[in-house]
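What follows is a single structure, written as structure tokens, with notes after it.
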């Protein structure tokens, strides 16, 4: 097997969910803001570290089956701008849909040091792709996610993030919905959320570069971070929705379940970058 073929197989990551469990607890419900009682869209919920999870729909409704072996664990709810909430599964019931209320959290503004010099546009990340490297996105469970992240080394330079770019290949759908997330950089993978802003993009896709305009969000950062593209499928897709480009070097960081474990595959990294003004 030649080296290029080896790396293609190494980097090919297809969403794989366990078969539906016949027994266990089937939870259904909807998620609301505690103060306004308005639905919260696309809340991530699951059992941390177990790769069991889902994402609520745009109206805050969800359905999740939990096997009997996880009865002693907790179900965690995570939404941008809200406090993370964990509830013991033993306290939940499947007899009827339940309402879960999340509490908004106060967000401290990040201090930014402004330097007196002419601003320049820079591209940070991976700006090239290898035609022999790619990763497939294939959904096998209707309302769960696929999330892939790119390390962005900013250092301590104040940077206004103007655009995000990702290289896509062979789309089989016309449009997709992405949620862009910004995470603090852990030792070798994303850590906690860095930006408490909902950046939801529904966009047409095609072969080549997809550019997402971030200027309206006025995001100014001055630390290394991970930018993630979280694919939010609207329906079950029998074939890969699209593939994403890659390049040798670094590592691919992917997770295929809400609140799941990040999988780190060294050898190739996601072809994605940001345009910043510094």
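Some values worked out for this structure:
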item: Those strands (runs of 3 or more DSSP E) lying entirely in the range 168-221 with at least 3 residues over 19 Å from residue 253 (Cα atoms); result: 175-185, 199-204, 208-213, 219-221
item: Options 246, 234, 251: the member that is surrounded by fewer than 20 Cβ atoms within 10 Å (Cβ to Cβ), touching a strand residue (DSSP E or B) at 6+ places or on another chain (Cβ under 9 Å) and not in a loop (DSSP other than H, G, I, E, B); result: 251
item: Among the residues listed as 101, 75, 121, 64, the single one being under 26 Å from residue 198 (Cβ atoms), in contact with a helix residue (DSSP H, G or I) (Cβ under 6 Å, 6 or more places away or on another chain) and modelled with pLDDT of 90 or more; result: 75
item: Among (1) exposed (fewer than 15 other Cβ atoms within 10 Å of the Cβ); (2) closer than 22 Å to residue 199 by Cβ; (3) in contact with a strand residue (DSSP E or B) (Cβ under 7 Å, 6 or more places away or on another chain), the one test that residue 56 misses; result: (1)
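The values are calculated or read from the model by the stated rules, or taken from the named source; none is laboratory data. Computed from a predicted model, the values in this text were never measured in an experiment. Cβ: placed from backbone, ideal geometry, glycine included. Neighbour counts: every protein chain shown.
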